[in-house]
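Take a look at the structure below.
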Amino acid sequence: MRLYLLALNPTDSVTEGFLPAAARLGLDVTVLTDQPDAHRRTHPDAEVLDCDVRDFRAVVTRISTHRTPDAVFTNSDHLQTQAALAAHYFGLPAKDWRAALRTKDKAEMRRRLAATGADTVWSAELTEPAALDAPYPCVVKPREGVASEDVVLADGPEELVAHSKEILARRPGAALVVEEYLPGELHTLETLGDGRVRHVLGGFRTELSPPPYFIEQRMTFAPAHPEPVVEQVLAQLDALGVGFGACHTEFVVHEGRARLIEVNYRAVGDQCDLLLARLLDIPLFEHILSTHLGEPLPADLGARRDGAARLDYPCADRAGTLVAAPAATELVADGVHLTYRPLRPPGERHDLYRTNRDYLGVLRAVGTDQAAVDRVAAEFLAALSWEIQP
């Protein structure tokens, strides 16, 4: 069976998750990408074809002139609609392309939730800086952005204009969404469905950097959110048409009310998916791929429910060249399994982005007692150091 995997740049999710899972399933994989050299270096044993993957028509043509597909899949935020349209063209199981579009386009997501009565959030779109009569503070962000990039809080009209100018200077021709700030604690819900059954895998409690930016600095696993909260989130996902494959949903809870921040219609990233597979002790990546092959999910995934975990993301606090940094490490301390992976090699120079592109590394900590996980992770991080020179 042949799986076409659409990708932009190589990611840990693909390299360490989906490609090994495809091999275990016995699938022949063809990677379609607009960055073929990077993928050939990262996974030289995979078949990699050059393709303008942002254009669904180019994807259809590349597949139809190659080998017959059994599945078309992507874990990229940017390519969900293209993959869904291509899969539909070939009559293969896929996400509803309309749902993929609604979740990618943050303005369309708000319109859909309001139209269905699921939730109403004040929002507007900008293509040039303007002082809006908005409820302040408000959040301004790219309409189709990812990973908190260029997401910033504006306390008034002047700040909104200033932030909009800065973002649009970096993103010429982009559209921005301005929306009311939603107070509350930030959480995620991780789901997996086959269009018939939907499993809730748990979620994370997210700790952010201080405002005005929204950098995720720590994710602590939450085995189960309160049932009324889960029901509210799932109802809003239903309104968007989300229910096939993996989905990573970010939401806030304030006074018992759950409100969506954004919906990423793919598996959770930044190595949270790798942690989930170990923590729950399930073939998570195989399950995700199997849904795209048309196979039903089991009624019970057999996931472990006694795990505790967290991820920490040490961040650069200034621009410069990383001259010294800890190496990759894997060890067990007091029953806690630690995996540290550097995300930036020494010698590289970077600006300060105020997004997850500032991450220097990621620490995954998995155990059975949250207090022990927190203590061991904190002690491990305290012993590390990074040196950045201007």
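The values are calculated or read from the model by the stated rules, or taken from the named source; none is laboratory data. Since the structure is predicted, the reported quantities are computational estimates derived from the model, not experimental observations. Cβ: placed from backbone, ideal geometry, glycine included. Neighbour counts: every protein chain shown. In case anyone asks, the SASA skips ligands and DNA or RNA and just uses the protein heavy atoms, side chains included. Shrake-Rupley method; radii C 1.70, N 1.55, O 1.52, S 1.80 Å.
How many of the residues making up segment 92-121 are within 30 Å of Leu3 (Cβ to Cβ) and open to solvent by less than 70 Å² (accessible area, probe 1.4 Å)?
Selection size over segment 92-121: 14.
Name every residue in segment 355-377 that is closer than 25 Å to Ser209 by Cβ, of a type in the set (D, E, K, R) and surrounded by fewer than 19 Cβ atoms within 10 Å (Cβ to Cβ), in order of residue number.
Filtering segment 355-377 down to residues closer than 25 Å to Ser209 by Cβ leaves 355-366, 370-371, 373-377.
Restricting the remaining residues to those that are of a type in the set (D, E, K, R) gives 357-358, 364, 374-375.
Correct list: Arg357, Asp374, Arg375.
Being surrounded by fewer than 19 Cβ atoms within 10 Å (Cβ to Cβ), in a strand (DSSP E or B) and not assigned by the TED database to the domain that holds Asp374 narrows it down to one residue among Val263, Val332, Val252, Val323; which is it?
Val252
If you go through segment 31-50, how many residues are in a strand (DSSP E or B), open to solvent by less than 70 Å² (accessible area, probe 1.4 Å) and touching a helix residue (DSSP H, G or I) at 6+ places or on another chain (Cβ under 8 Å)? Even if it seems obvious, please write down each step before you answer.
Of the residues in segment 31-50, the ones in a strand (DSSP E or B) are 31-33, 47-50.
Checking the rest, the ones that are also open to solvent by less than 70 Å² (accessible area, probe 1.4 Å) come to 31-33, 47-49.
Checking the rest, the ones that are also touching a helix residue (DSSP H, G or I) at 6+ places or on another chain (Cβ under 8 Å) come to 31-33, 48-49.
The total comes to 5.
Please work out which one of (1) under 26 Å from Ala277 (Cα atoms); (2) in contact (Cβ under 8 Å) with a residue 40 or more places away in the chain; (3) open to solvent by 20 Å² or more (accessible area, probe 1.4 Å) is the condition Phe221 fails and give its number.
(3)
Only one of (1) touching a helix residue (DSSP H, G or I) at 6+ places or on another chain (Cβ under 9 Å); (2) open to solvent by 70 Å² or more (accessible area, probe 1.4 Å); (3) not in a loop (DSSP other than H, G, I, E, B) fails for Ala124. Which number is that?
Among (1) touching a helix residue (DSSP H, G or I) at 6+ places or on another chain (Cβ under 9 Å); (2) open to solvent by 70 Å² or more (accessible area, probe 1.4 Å); (3) not in a loop (DSSP other than H, G, I, E, B), Ala124 violates only (2).
Given the residues Glu159, Glu190, Glu166, Glu185, which is the only one that is open to solvent by 30 Å² or more (accessible area, probe 1.4 Å) and under 20 Å from the mean Cα position of the chain (by Cα)?
Details: Glu159 fails: under 20 Å from the mean Cα position of the chain (by Cα); Glu190 fails: open to solvent by 30 Å² or more (accessible area, probe 1.4 Å); Glu166 fails: under 20 Å from the mean Cα position of the chain (by Cα).
Just one listed residue meets the conditions, Glu185.
When segment 202-213 is examined, which residues are found to be on the phi < 0 side of the Ramachandran plot and surrounded by fewer than 22 Cβ atoms within 10 Å (Cβ to Cβ)?
Answer for segment 202-213, where residues must be on the phi < 0 side of the Ramachandran plot and surrounded by fewer than 22 Cβ atoms within 10 Å (Cβ to Cβ): Arg205, Thr206, Glu207, Leu208, Ser209, Pro210, Pro211, Pro212, Tyr213.
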